[in-house]
Amino acid sequence: MTGTLAPTQQSETAPVNPRFDWKRIAYLLLASRRLDDIEETRLLPEKKVVYQFSARGHDLAQIILGTLLDDEHDAAGAYYRSRPLLLTLGLTLEDAFAGPLRKSGGFSDGRDIGVVCNFPNDRGATVLPMSGDVGSQYTPSVGWAQAITYYRDVLDDRSYDRSMAVVLGGDASAATNGFWSALTIATTLELPILFYIEDNRYGISVPSELQTPGGNIAANLASFRNLYIREGDGSDPAETAALFVDVTSHVRDRKGPALLRLDVPRLCGHSGQDTQAYKSAECVADEQARDPLPKLKNYLVPAIMSESEWSDLESQVEMDAEAALAGALNRPEPDATRVRRYAFAEVHPDGTPDTQQVGGLAPVGHEFPDSTNAPAPEAQRTNMLTAIRRTLEYELKTNPKLLIFGEDIGPKGGVHAATMGLQDAFGDKRVFDTSLSEEGIIGRAVGMAIAGLMPVAEIQFRKYADPATEQLNNCGTMRWRTANRFAAPIVVRMPGGFAKVGDPWHSVSGEVLWAHAIGWQMVFPSNAEDAVGLLRAAMRSNNPTIFFEHRHLLDGVWARRPYPGDDFVLPLGKAGVTQSGDDLTVVTWGAMVERCEAAAKRAGGSIEIIDLRTISPWDREGVLESVRRTRRCLIVHEDNLTAGFGAEIAAVIAEEAFFSLDAPIKRFAIPDVPVPHNFGLMDAVVPGVESIAEKIAEVLEA
Ligand SMILES: Cc1ncc(C[n+]2csc(CCOP(=O)(O)OP(=O)(O)O)c2C)c(N)n1
């Protein structure tokens, strides 16, 4: 259903809507304003708050929306101007002050700017961890909405019957990739989500006409299929309440997604530093005339409150705000000795897990089948592709919360065939194709993980993770940013590297990115047996993991190994020694392991080859122990030489084992160009057996 509707009746004539607790709404609006006032007039000038974002003008509508988010499985994707919504959902005034004041406790324990919040909530809507990037809130929110349908339809959990997601964004955010990606996902799958656009006509200083033609996103979406669209005046209490009841009922009644665009005035600069010099005096006057606070007072007094009751409310807010501010100012500074904690999942000193409050399988104590790191090899060898497929299949069978998705992974079985037959076996709710949006694939996975599922996403080729960079980075830092309140453990499978032919698009490896990114585990198996153990470890991990599938190895003869069993799990961060030696340590991984073995044979000498297997965490101790013994080291990888992961390994050896070395550490990798398409050109840059053998000889002779 589509179409925009005319605004509803004006508040002057409207009877007070009995469905709402208007006194609470009035209290919250006054409290939100008081927070803005105190920050603007005291804490910002005193330099106690640095990032100051008022919500004045946006506040009433958010509060009305918040009162309707009463289901325990609701979620809201929000942004830096969403504090009134958080107050409505239960954020205390003290926590609201403490965040911008960078005090301990609260939503980030002083780690993040105070307006980038999160809110775990068992009783009403969970506020998904916000990010500083405008537009990044959209795809995780549709992920939560899809998780609602998964719990209800696949896991048959009726407590999700009326649950919904809502995502808030400004008019400028409707120009972002995330908005369009999420809109496509929500409307093609008809998910239970409300897009709420708070249109204040500006993105900082840029007018909405530059964000969408004509400046009205709802008007432009009028012909979008499967989207129920409403518009109105977000400063009018009666109209706003009626519109939110309408759109939330639409979503809760399972009629599909909805979009509500409300005109709201921004009664302040974009942030505390913004003087709004780009607005005309008429524009500012028009905005002030649309202030929802006097309109709310007019709506409620004298209809349901007397003038003196309104003043009592103001006094109450005044007292509560001052008490909250004093409480926040009295809070200790965050403990600097804890600042390195929670980049990854942790355990308490007694060995029990220090589990996040929300996200992944750990908070509900999910129990996996027993595992072992001792392989039970079958008689036959299998290629890496089949090994991966069998591992996915077993985890799908034993973990009902695990789901697999990506481009072409359904009926086609994936462009590399790793998911062949899985949709037939497990159905299209658990194994499904997605729209062509990598941001959508990863952002959706993040939202699903926060909702307690284990998403296993496929990115068709490593290079095509580029559009998902923002979501990948924010996923990795989530646990740290929220001081272990939220985490989104997901698995992202990514094929890449050279194959029979190479090219700049399908042959990228670039694994170093996830060694550098915070919070990510990165595994890079060289053979079928390791692929099983590492992929299973990733799918049972409480941290997000990139699983790199090298294209040359998927059906490579050397990489074929017996399937090691359904309970085989390899520990992350533990390298394999594929051959022992005394004269030189070669550190390598992925498709280079095979070539290094052949090169070592050709070069002669007693050479130890370490297959790193995992890039993050990497086996520092294993490498250092070997190098201290052999006193020589060559690092071989496929990714570009400059600032490749070899540089990190070399730096650590230089720092930790310098005096054990008899020769300089050597790196050998693709020179700093993309992988070329022509065979001769490719062979000229990808390290081959002969060229590696030459490097081995050089280091041995040095
Ligand atoms: C990806 C990204 N680009 C730019 C910015 C800088 N920035 C912060 S807020 C903002 C304007 C957003 O306006 P809108 O979405 O309309 O929300 P409003 O502030 O008006 O509520 C910009 C450009 C950012 N945070 N993220």
**Study point:** Total charge dipole magnitude, the stretch 312-370, about the Cα centre, Cβ charges on Lys, Arg, Asp, Glu only, Debye to nearest 20
**Key:** 400
Study note, to complete from the structure: Going residue by residue through the stretch 659-664, the Karplus relation 6.51 cos²θ - 1.76 cosθ + 1.60 with θ = phi - 60° gives ³J(HN,Hα) values, rounded to whole Hz and with x marking Gly or Pro, of 6, 8, 7, 9, 8, x
Review point. So how much slack lies between H516 and E318, counting 0.36 nm per residue of separation and subtracting their Cα-Cα distance, in nm?
Key: 66.6 nm
Review point. How much area per residue is accessible in the stretch 36-168 when the probe is 1.4 Å and only protein heavy atoms are counted (Å²)?
Key: 28
Practice item. Please give the contour-minus-distance gain from F679 to N17: 0.36 nm per residue of separation, less the Cα-Cα distance, rounded to one decimal in nm. Key: 231.0 nm
Check your understanding: Top to bottom by accessible area (1.4 Å), largest first, where do E438, E333 land?
Key -> E333, E438
Check your understanding: How large, in percent, is the carbon and sulfur part of the accessible surface of the stretch 268-309 at a probe radius of 1.4 Å?
Key -> 57
Study note, to complete from the structure: Magnitude of the Cβ-charge dipole (Lys and Arg +1, Asp and Glu -1) of the stretch 128-180 about the Cα centre, nearest 20 debye, reported as 60
Check your understanding: Which value, in Å², gives the accessible area per residue of the stretch 599-664 when a 1.4 Å probe is used on the protein heavy atoms?
Key -> 41
**Study point:** Magnitude of the charge dipole, the stretch 87-216, Cβ model with Lys/Arg +1 and Asp/Glu -1, debye to 20
**Key:** 180
Review point. Which of rounded, prolate, oblate describes the stretch 1-151, given a ≥ b ≥ c as roots of the alpha-carbon gyration tensor eigenvalues and a/c under 1.5 marking rounded, otherwise prolate only if a/b is larger than b/c?
Key: oblate
Review point. Whole-Hz Karplus ³J(HN,Hα) for the stretch 605-610, in order, using 6.51 cos²θ - 1.76 cosθ + 1.60 and θ = phi - 60°, x for Gly and Pro?
Key: x, 9, 10, 9, 10, 9
Check your understanding: According to the square roots a ≥ b ≥ c of the eigenvalues of the Cα gyration tensor, what is the shape class of the stretch 558-702, taking rounded for a/c under 1.5, prolate for a/b larger than b/c otherwise, and oblate for the remainder?
Key -> rounded
Exercise for review: Let me know the Rg and Dmax you get for the chain when you use only its Cα atoms, in Å.
Suggested key: 28.2, 95
**Study point:** Measure of compaction for the stretch 606-645 (Cα Rg per 2.2 N^0.38 Å)
**Key:** 1.23
**Study point:** Dimensionless Rg ratio for the stretch 482-571, taking C-alpha atoms and the 2.2 N^0.38 Å reference
**Key:** 1.18
Check your understanding: By how many nm would the segment from E309 to W180 grow when fully extended, if each residue of separation counts as 0.36 nm and the alpha-carbon distance is taken off?
Key -> 41.9 nm
Check your understanding: PRE reach from A697 (point 7 Å along Cα→Cβ): which of the stretch 644-678 fall under 20 Å by backbone N?
Key -> 663-669
Revision key, fill the gap. Under the 7 Å Cα-to-Cβ spin-label approximation, R631 and V301 lie apart by a distance in nanometres of 8.8
Review point. Lys/Arg Cβ at +1, Asp/Glu Cβ at -1, dipole of the chain taken about the Cα centre: which of I197, V686, A379 is farthest positive-ward?
Key: A379
Review point. Between rounded, prolate and oblate, where does the stretch 102-225 land on the alpha carbon gyration tensor, with a ≥ b ≥ c its root eigenvalues, rounded for a/c under 1.5, else prolate if a/b exceeds b/c?
Key: oblate
Check your understanding: Can you work out the FRET efficiency for the pair A643 and E209, with r the C-beta to C-beta distance and R0 = 60 Å, to the nearest 0.05?
Key -> 0.90
Practice item. Please list, in chain and number order, the residues 5+ apart from N200 or on another chain whose amide H is under 5 Å from its amide H, with Hs placed from the backbone. Key: D171, V264
Revision key, fill the gap. To the nearest 0.05, the calculated FRET efficiency linking D286 and N220 through their beta-carbon distance, R0 being 35 Å, is 0.90
Review point. Residue by residue through the stretch 403-414, which ³J(HN,Hα) values in whole Hz follow from phi under the Karplus form 6.51 cos²θ - 1.76 cosθ + 1.60 (θ = phi - 60°), with glycine and proline marked x?
Key: 9, 10, 7, x, 7, 6, 8, x, x, 6, x, x
Study note, to complete from the structure: Here FRET efficiency (C-beta to C-beta, A376 to D161, R₀ 45 Å, nearest 0.05) is 0.55
**Study point:** Furthest towards positive pole of dipole, T578, F645, L634, structure part the chain, Cβ charges
**Key:** T578
**Study point:** With every protein chain in place, the stretch 28-127: carbon and sulfur % of accessible area (1.4 Å)
**Key:** 48
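The values are calculated or read from the model by the stated rules, or taken from the named source; none is laboratory data. Note that the structure is predicted; figures quoted are calculated from it, not measured. Counting neighbours? That spans all protein chains shown, and the Cβs are built from the backbone with ideal geometry, glycine included. What goes into the accessible areas is simple: the full protein's heavy atoms, side chains included, and nothing from ligands, DNA or RNA. Shrake-Rupley method; radii C 1.70, N 1.55, O 1.52, S 1.80 Å.
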